[in-house]
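Q: Have a look at the structure that comes next, please.
Please treat every number below as a calculation from the coordinates, not as lab data. Keep in mind it's a predicted model, so treat the numbers as computed, not measured. Reconstructed Cβ throughout: ideal geometry from the backbone, glycine too, with neighbour counts over all protein chains shown.
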Amino acid sequence: MSVNTEKKSAVLKERRTFDVGSWLIPFVAVLVAMFIAAVLMYLQGASPLTAYTSLLKSAFGSAPGIGKTLGKATPLVLSGLAVTIGLRAGLFNIGAQGQLISGALASAWAGYAIHGLPMAIHLPLALLIGAFFGSLTGLIAGALKAYRGIHEVISTIMLNSIVISLVDYLASGPFKEHGQPLTRTAPVLKSALVPKFFGLPLGFFIALALSYAVWWVFRRTTSGFRLETVGRNKNAAWYAGINVKRSILIAMAVGGAVAGLGGAVETLGITGRFEPAFNAGLGFDGITIALLGRANPLGIIPGAILIGGMRAGAASMQFDAGVAPEIVDLLMALILFFVSAPLLTRWLRRGKGAASSVTGGWGS
């Protein structure tokens, strides 16, 4: 066996090793966050046990509740997957929000403006249009990173602001529903609506399939291996003959397409039209999901279901236990803090050297 073959086998073996310590971090983060939230509920005069029981029953205790939870989780899986793709390539894509809402508006336009097509054509077309515009938004940030050296965190933050302002203008102007005082588009035609099967949203199964496909690409293909090599060490990747600039463009474009698809599924499967308020924060939640899943395309699924369940059961928890409506946002903020806090990471992985990281270096 040649030296190169031995090195490649060692790297592949390292990639496939299940790191118990790494997966313990998000589990402990959730428990600690829930404990702190419980203390705050108690100080507020509410019963934490009643609140969490109501949350579980509302989100997972019935078929309609599970359907609602999976519906809430669908765009979270896709936005988390968009961030994960960037992380695996060494890029911190925090522009999933702009990519998601650009895809949401584009798919809404395709859903109500294109007439006379059967569902078998109209629905995939609307989804592809949403993914395309999300990809275009991500590609801009990727090009700025690859050819001008502009850090993706800066460019994606700026693009988020630009896209949000542009989308608000379009939804309140050229794309606004006629005779409607609210900022929203016309309803999507039935031929472009994402259907449900046995009360479960089809979009969730699309998200599952896409997560598995991305996992397979990173684990089984040379293209995924190249992206991860760029994420671990760009200089070594360049020395090995990998086109680093092209890899950056691919990672940002594919991540943007996935986020745009998440916005499209939300529009075509949940809201039935584009309304800015319904998409607020979904892309930013993807950062929490990606970190909670340790940048694993399959690991983000339970994290998205957890956050989706919190979103789905928030109203019931507020009504039954009398807790503040912001408690779910607080829970998510605490989870994000603890899952990424270096101090907690060092404590969980003491004896193994420095704190663990999701990738070899974000945007380095």
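Q: Could you go through the stretch 228-238 in sequence order and give the Karplus-derived ³J(HN,Hα) for each residue, using 6.51 cos²θ - 1.76 cosθ + 1.60 with θ = phi - 60°, rounded to whole Hz, and x for Gly and Pro?
A: For the stretch 228-238, the Karplus curve yields 5, 5, 4, x, 7, 7, 5, 5, 5, 5, 5 Hz.
Q: Also, I was wondering about something else. Could you work out the relative contact order of the chain? I mean the mean sequence separation of Cα pairs under 8 Å and 6+ apart, divided by the number of residues, in percent.
A: Relative contact order for the chain comes out at 35 percent.
Q: With 5 Å bins from zero, work out the P(r) of the stretch 204-290 over every alpha carbon pair and list the percent per bin.
A: Pair shares across the bins are 3, 12, 18, 21, 16, 12, 9, 6, 2, 1.
Q: Continuing with the same structure: Near the amide H of residue 176, under 5 Å away, which other amide H atoms are found, from residues 5 or more places off or on another chain, if H is placed in the peptide plane?
A: Under 5 Å from the amide H of residue 176: no residue qualifies.
Q: Is the shape of the stretch 124-276 rounded, prolate or oblate, going by the alpha carbon gyration tensor and its root eigenvalues a ≥ b ≥ c, with a/c under 1.5 for rounded and a/b larger than b/c for prolate?
A: It comes out oblate by the Cα gyration axes.
Q: Work out from phi, with θ = phi - 60° and the Karplus expression 6.51 cos²θ - 1.76 cosθ + 1.60, the ³J(HN,Hα) of each residue of the stretch 216-222, listed in order in whole Hz, and give x for Gly and Pro.
A: 5, 4, 5, 8, 10, 10, 5
Q: So how do 121-130, 90-99, 62-71 stack up, highest first, on mean other-Cβ count within 10 Å?
A: Descending mean neighbour count gives 90-99, 121-130, 62-71.
Q: Hey, another quick one. For the chain, how big is Rg over Rh, using alpha carbon atoms and the Kirkwood form of Rh?
A: When Rh is taken as the Kirkwood radius, the ratio is 0.99.
Q: Past 23 Å, Cα to Cα: identify those pairs from 57/190; 68/190; 68/196, in the order given.
A: Result: 57/190 exceed 23 Å.
Q: What distance in nm separates the two pseudo spin-label positions at residue 162 and residue 120, each 7 Å out from Cα along the beta-carbon direction?
A: Modelled inter-label distance: 4.1 nm.
Q: How far, in nm, would the chain grow between residue 243 and residue 220 when pulled straight, counting 0.36 nm per residue and subtracting the alpha carbon separation?
A: Full extension from residue 243 to residue 220 adds 6.3 nm.
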